[in-house]
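Data block below; observations after.
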Amino acid sequence: MLIAEKILEKDFQGKTTKEAYLNCCKWLSTNVIAVNNSKHITYRTEKVETDDWSRIVRLTLYVTADEEEICERNCNICKEVTGSFFMTQNKYMCEVCKVPPYRKRLKDKLHLIKEGLKGKML
Ligand SMILES: [Zn+2]
């Protein structure tokens, strides 16, 4: 599971949506893909409704991190605490950190979004 935070929003113009989108791709290719090959970066492109002749595509960039890794590091603390009390037991005691229920809620939400996309995109 990836965690993302918005870092940049940028609008691209064109006479058609396609032209605006291609301008966006050009910028992405030069400023993101060529620089770090999209490492830790996720992006979203969307059409923006306009009243005049121009068409706008909005690009949003996010920095992303793998939550699994962070969670493991966090819950190593839960494990160590347990270890000092129950020498033989090697299980996670996450009652204090409360990470598992929080993760479950996130995963449930992602699952619902995925289900909603079935038949439309997936
Ligand atoms: Zn924990």
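The values are calculated or read from the model by the stated rules, or taken from the named source; none is laboratory data. What you see is a predicted model; the values in this text were computed from it and never measured. Neighbour counts are summed over all protein chains in view; Cβ atoms, including those assigned to glycine, are modelled from backbone coordinates with ideal geometry.
For the range 80-93, state whether one or more residues are at pLDDT below 85, outside any helix (DSSP H, G or I) and touching a Cys at 6+ places or on another chain (Cβ under 8 Å). Yes - at least one qualifying residue is present in the range 80-93. Residues of the range 2-52 that are over 22 Å from ALA65 (Cβ atoms) and hydroxyl-bearing (Ser, Thr, Tyr): THR16, THR17, TYR21, SER29, THR30, THR50. Would you check which residues across the range 38-75 are charged (D, E, K, R) and at pLDDT 95 or above and list them? The answer is ARG44, GLU46, LYS47, ARG55, ARG58.
Selection of first residues in the range 15-38 that are in a helix (DSSP H, G or I) and of second residues that are hydroxyl-bearing (Ser, Thr, Tyr), restricted to Cβ pairs under 7 Å at least 6 apart or on distinct chains, gives the following pairs, ordered by first then second residue: TYR21/THR45; CYS24/THR45; LEU28/TYR43; VAL32/SER38.
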